[in-house]
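The values are calculated or read from the model by the stated rules, or taken from the named source; none is laboratory data. Everything numeric here is computed off the predicted structure, so don't read it as measured data. Note: ideal-geometry Cβ built from the backbone for every residue, glycine included; neighbour counts use all protein chains shown.
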Amino acid sequence: MNNLQEGIEEWVPETEVRRKKERIHEVTLLRAFAFLAVTLQHCIAEYIYRPDIMPADSIMLAMLFHFTRFGTPAFVFLSGLILFYNYSGKLDYRSFIRKRFGDIFVPFLCWTVIYWIAVEGVIGSRLLQPSAWPTIFLQLVRPTNGYHLWFILMIFQFYLLFPLFSKAMPSAWGRLYPHEGGSYKRVAWATLALGLAYGALMWLSYYKMPGWAATAGAFWSGLITHRSYYFVMYIFYFLIGGVCAFALARFRTFAANAMGWAAFVFIGAYIWLGYDVLRFSTERMNLQVSNYLKPTTFLIIVSQLLLLYGLALLLQKRKGALCRILLFIGRHSFGGFLAHAFVLMLVSAVTRPMQLSGSHLPAALLTFILVVGGAIGLASLLSKLPNGRWLVGPISRRKPKETGAGRSVVERSVREQTG
């Protein structure tokens, strides 16, 4: 039990955790990893398409880009883990959605306005033009100024539908793992079947759906073209988060033991995906070849998640300065995620006029350091304001007390596996 006593840090306030369970320290570390990955990929995208980039820098940035593929799916995985861990069983839907709206959607609205003002007013000088005002409503549906904010719209779909998940998942778990001390073989086979089905969906998404979009009618074409905005394209990671929540100790053991073969799978998929990018790139690197909705990328992401989960467990055990830094980043990752594109916008305003031929790789890495520091620092400062939670979400600072109320199937699984 001792290795389960550390703190869980999440994108929801501690007061939401009504059934106090074992605290999941590695969640905060994984959130830090995910935030760093998303920030790095956006910093790479800032430089890799510049016309004066040298082939060596372009190739190295593309190779580095593949290490960031786990970022967005990791956030989906963690959302599933947190929701199923805290809300298995009965759920007050009205209270649940009200809090999610205030903690996640309101910051999205605020940052949508901030990015709209920055792009339309400061960069485009169009803020006072009547034609610019209707565009803010489009940004709430399909964000382009805050290009990363699409994720909030996508993940909120899981929150809206979570009552269905919260009923279906415990029911399915009860059938797969009907009694304490039972075998997890059924769970393993069901997870494998889910992975194969999702891999088939990724194959259709990458190899077939673009053709369908070209021949379908206007409505279906738009639906297929913007499929990355819909929760169903990320449902595997969300459900695997639920599996982790229901069998936390077993999942930890599995992740730690799987690091060897996960590294092997990652290396193979990484080489394969890198070859694809080089093969289908001409004058510049085509990073769309390695998008999230591709079978090879799916293999990379799953292997990366297992590797990073094992790494988080090691860091948690050893603690140290690196662990403390990552915990700080993880606690402010939601605010940092919302703000990082704004900080990158400020940095790129300085770097874009520069002649960086032959130096794009170091420039991208330096920008990454500046953006991470600036975004997390800004999120930390905003969280200290009286109404800062409307900009960066709630930041949990207190350790919840253990209670005996509300024991669920998740608690049963944790209790039996940890003694």
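Values for this structure:
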item	result
Criterion: of a type outside the set (Asp, Glu) and farther than 28 Å from Ile48 by Cβ - qualifying residue of Phe328, Phe266, Phe298, Phe280	Phe328
Any hit, the range 230-252, residues being modelled with pLDDT under 95, more than 29 Å from Ala193 (Cβ to Cβ) and aromatic (Phe, Trp, Tyr)	no
Scope the range 278-296; condition more than 23 Å from the chain's Cα centre (by Cα) and surrounded by 18 or more Cβ atoms within 10 Å (Cβ to Cβ); matching residues	Met285
Subset of the range 141-176 that is in a loop (DSSP other than H, G, I, E, B) and either of a type in the set (Gly, Ala, Ser) or surrounded by fewer than 19 Cβ atoms within 10 Å (Cβ to Cβ) (or both) - its residue that is nearest to the chain's Cα centre (by Cα)	Gly146
Some residue of the range 341-351 being small (Gly, Ala, Ser), part of a helix (DSSP H, G or I) and crowded, with 18+ Cβ neighbours inside 10 Å	yes
Neighbours by Cβ (under 6 Å, 6+ apart or cross-chain): first from the range 377-397, free of Cβ contacts under 8 Å to residues at least 12 places away in the same chain; second loosely packed, with under 14 Cβ neighbours inside 10 Å and in a helix (DSSP H, G or I)	none
Residue check for Leu273: part of a loop (DSSP other than H, G, I, E, B) and either modelled with pLDDT of 90 or more or under 21 Å from the mean Cα position of the chain (by Cα) (or both)	no
Scan of the range 202-222 for residues that are farther than 25 Å from Ile301 by Cα and surrounded by 11 or more Cβ atoms within 10 Å (Cβ to Cβ), ordered by number	Trp212, Ala213, Ala216, Trp220, Ser221, Gly222
Residues of the range 275-300 classified as over 17 Å from Ile44 (Cβ atoms) and β-branched (Val, Ile, Thr), total	2
Total residues in the range 23-48, condition surrounded by fewer than 21 Cβ atoms within 10 Å (Cβ to Cβ) and either at pLDDT below 90 or touching a Cys at 6+ places or on another chain (Cβ under 8 Å) (or both)	1
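Per-residue answers, yes or no, for (1) among the hydrophobic types (A, V, I, L, M, F, W, C); (2) under 28 Å from Ala168 (Cα atoms):
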position: Tyr229; (1), (2): no, yes
position: Tyr234; (1), (2): no, yes
position: Arg252; (1), (2): no, yes
position: Ala255; (1), (2): yes, yes
position: Ala263; (1), (2): yes, no
position: Gly274; (1), (2): no, no
position: Asn291; (1), (2): no, no
position: Ser303; (1), (2): no, yes
